[in-house]
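Here, each number is a calculation from the coordinates, and none is a lab measurement. The shown structure was predicted, so the numbers you read here are calculated from the model rather than taken from an experiment. No Cβ is skipped: glycine too gets one built from the backbone with ideal geometry, and neighbour counts run over all protein chains shown.
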Amino acid sequence: MSRAEQAGIEAADWLIAHEDGELSAAEQARFEAWMAASEGNKAAYWRLECAWEAADRVRALGPGAAMPEQKFDDASSRRWRIPSMIAASLALLAAAWMLVPKLPALAPGHADASQVTAASFATSVGMKQLVELVDGSRIQLNTQSAARAQISPQRREVWVEKGEVFFDVAHRRGQPFVVHAGDRQITVLGTKFSVRRHGDKVVVSVLEGRVRVDELKDNRLLRSSVIVGGKIAMAQGPATLVTERSDEKVADALSWRSGMLTFDQMPLPAIAAEFNRYNVRKLVLAGQSIESVEISGTFPSDQPDAFARLLRDAYGFDVEEAAGEIRVSN
Amino acid sequence: MVDDTDIRDWFRREVLPLERQLTHFIRHNWRVEEDVMDLMHDVYELAITGARKGLPAATRPYLFVIARNHLINRAKRARIVSFELVADLELIENERGGFDQERYLNAREALRRAQDGLAKLTPRVRQIVQLRKIDGLNVQETADLLGIGSDAVRQQTSIGMRKLADHMLGGTRKAAPRPQALARRDGGGET
């Protein structure tokens, strides 16, 4: 090996070690000794450092831009679309009696893919469902949600068809866990997070760990953002908004898992919409000034009537309770 | 004695942008292709050693004088020196003036080079560099995602880092003829 090559390899090792995190005192001393050993080592290190930093520019292109030939193989998902649609509708029927909070493992898979297990899940209004996948991951479906999962030895995939799903992903080496929600694809590395889908709007709330949200178009990666624990990403069309780190907000967004809804200075119409996700009996607001009222607090998601009575007592609104709706006016 | 911080700034700002010309100069004047990278490495080492006494006022002539003298010394030791070589060296140096536009890359050009460099990596190395650079994954996360060991990730990152630097700074080895289109499509190859 040539001297230049040797120095280059050592320099790259040190650069990677630095990127991995703080060096220990002993490592730092070894690094300094190596740098001091020759000006050639310094040249090699500074040269790589400079080029490697400059290579950060590719980040501006987003993934995929540098590799036009890369396509995401979606053959597997296409193959599954029709059976799973049938499965999804069966599951929807099943949801009516699925009061059992916890279902056993996935249903048996497709005939020609013995290694693959696939299943669909759905919940109706006001339902929650906790499912344990064969890999040990657990997913929890919120009200009015539908998802399907497909687990193979190489890959774990879940499609969020609608609604909201919380994921507690088992850490598995070499078996990536990918969540698809509309044109967003979320890649996970052992973590807890939820995905909420409403039409083309996707909200990812990360409780622990780190996920990557990719925007896909015609199966190609356009952009991606990394979301760490405590952050919420809202994505719609070309935009992805990542909110400031706020563990509290994420906890609020995930309070549905305990059957509660948590609001922090949220306007009444948004709160009503949130309650209506969970209940057949809808909260209806009437009157102009009522819409500007902002409320904070934690309420049981299945008791919109109790919430309405609270509004009556605290704000003096009129509450009319009928069979299909609860009408709040001023 | 100039300290490391100043030397490093100068090296990155003034010397590295000349790498493409420097390797071109060395390659043009040295018949053994395998020596080119080592010679460039030597020139950098000598340039830094010299700059310890004081940063040169004009980096380009400074660097090319070092390169020329180093080539002559090496040639003498190798007993292959000839008047022709020395005369060539002088001539080349006088011609250097016209290349100034190459020195400082604008951002767009730097991006293009980074992109080209990335495209030239083998698919596996490229994937790893992208996971590190674009997705912001660290070694362990990259290893977990791809289901390979973290040592393998470090090794491939090292390869990617060095290849990219060669491409972006211009100190590339003379490319062996390679079946471009085929090589790219093969996929999955390790370096």
Legend entry - Mean Cβ count within 10 Å, highest first, over the residues of peptides B:38-44, A:21-27: B:38-44, A:21-27
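Evaluate peptide A:20-30: per residue, the Cβ atoms of other protein chains within 10 Å of its Cβ; return the mean as an integer.
1
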Legend entry - Over 27 Å between alpha carbons, listed pairs A:K42/B:K53; A:K162/A:K192; A:K217/A:K249; A:K42/B:K163; B:K53/B:K133: A:K217/A:K249; B:K53/B:K133
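Would you please report the Å³ per residue occupied by the convex hull of the alpha carbon atoms in the range A:121-226?
Cα-based convex hull of the range A:121-226, divided per residue, equals 93 Å³.
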Inset, instruction - Report the calculated FRET efficiency for A:D264 and A:L23 (r = Cβ-Cβ distance, R0 = 51 Å), to the nearest 0.05. - result: 0.80
Inset, instruction - Summarise the long-distance tail of P(r) for the range A:3-58 by giving the % of C-alpha pairs beyond 16 Å. - result: 42
Inset, instruction - Enter the mean number of other protein chain beta carbons within 10 Å of the beta carbon of each residue in B:9-16, as an integer. - result: 3
Inset, instruction - Evaluate peptide B:120-131: per residue, the Cβ atoms of other protein chains within 10 Å of its Cβ; return the mean as an integer. - result: 2
Legend entry - P(r) histogram, all alpha-carbon pairs of the range A:259-329 included - 10 Å bins from 0, percent: 21, 63, 16, 0
Inset, instruction - Enumerate the amide H contacts of A:K162 below 5 Å, restricted to partners 5 or more residues apart or on another chain; note that Pro and chain-start residues carry no placed amide H. - result: A:A146
Legend entry - Rg/Rh ratio calculated on Cα atoms of the range B:1-84 (Kirkwood radius): 1.00
Legend entry - Estimated inter-spin distance, B:D9 and A:E320, nm [label 7 Å along Cα→Cβ]: 7.6
Inset, instruction - Pop a pseudo-label 7 angstrom from the Cα along the beta-carbon direction at both A:K217 and A:A286 and give the gap in nm to one decimal. - result: 4.6
